[in-house]
Amino acid sequence: MSNICERDIEGHLVRRVEAIGGEIRKVKWIERAGAPDRLVMYKGATFVELKRPGKDLEPHQFREHTRMRKHGLKTLTLNSFEGVDKFIGELLARP
């Protein structure tokens, strides 16, 4: 069992986004349970839901992400340091 918490993954994401010159915001949603935790701004915008290792979206979160994607928004779930690093690589590769 891993001792890594969601906040550890979140801290890694914040540090990595800031290191590449991006902006990141904690997002508070009024009356929208299941909406993503963070907004990453770097060559566009991506909403990010953070989870501890081994955890996936809850059904209500999956529904909310699906609604957002339907309207052209990018959403992503990250639950590992490796996932964060891969996401940063994808950001850097954006034109």
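Of the residues Phe81, Phe47, which is touching a residue at least 24 places away in the same chain (Cβ under 8 Å), under 13 Å from the mean Cα position of the chain (by Cα) and surrounded by fewer than 19 Cβ atoms within 10 Å (Cβ to Cβ)? Full working, then the answer.
Values: Phe47 fails: surrounded by fewer than 19 Cβ atoms within 10 Å (Cβ to Cβ).
Testing whether each residue is touching a residue at least 24 places away in the same chain (Cβ under 8 Å), under 13 Å from the mean Cα position of the chain (by Cα) and surrounded by fewer than 19 Cβ atoms within 10 Å (Cβ to Cβ) leaves just Phe81.
So how many residues does the range 1-22 have that are of a type outside the set (Asp, Glu) and not in a loop (DSSP other than H, G, I, E, B)?
Residues in the range 1-22 being of a type outside the set (Asp, Glu) and not in a loop (DSSP other than H, G, I, E, B): 10 in total.
So, in the range 26-42, how many residues would count as being surrounded by 11 or more Cβ atoms within 10 Å (Cβ to Cβ), among the basic types (Lys, Arg) and touching a Lys or Arg at 6+ places or on another chain (Cβ under 7 Å)?
1
Just name the residue that is nearest to Leu91 (Cα to Cα) out of those in the range 1-13 that are among the hydrophobic types (A, V, I, L, M, F, W, C) and crowded, with 19+ Cβ neighbours inside 10 Å.
Narrowing the range 1-13 to residues among the hydrophobic types (A, V, I, L, M, F, W, C): 1, 4-5, 9, 13.
Those still in the list that are crowded, with 19+ Cβ neighbours inside 10 Å too: 9, 13.
Values: Ile9: 17, Leu13: 12 Å.
Among those residues, the one meeting the criterion is Leu13.
Just so you know, all these numbers are worked out from the coordinates, no wet-lab data involved. Owing to the predicted nature of the structure, the values given are computational and were not obtained by experimental measurement. Please note: Cβ atoms are built from the backbone with ideal geometry, for glycine as well, and neighbour counts cover all protein chains shown.
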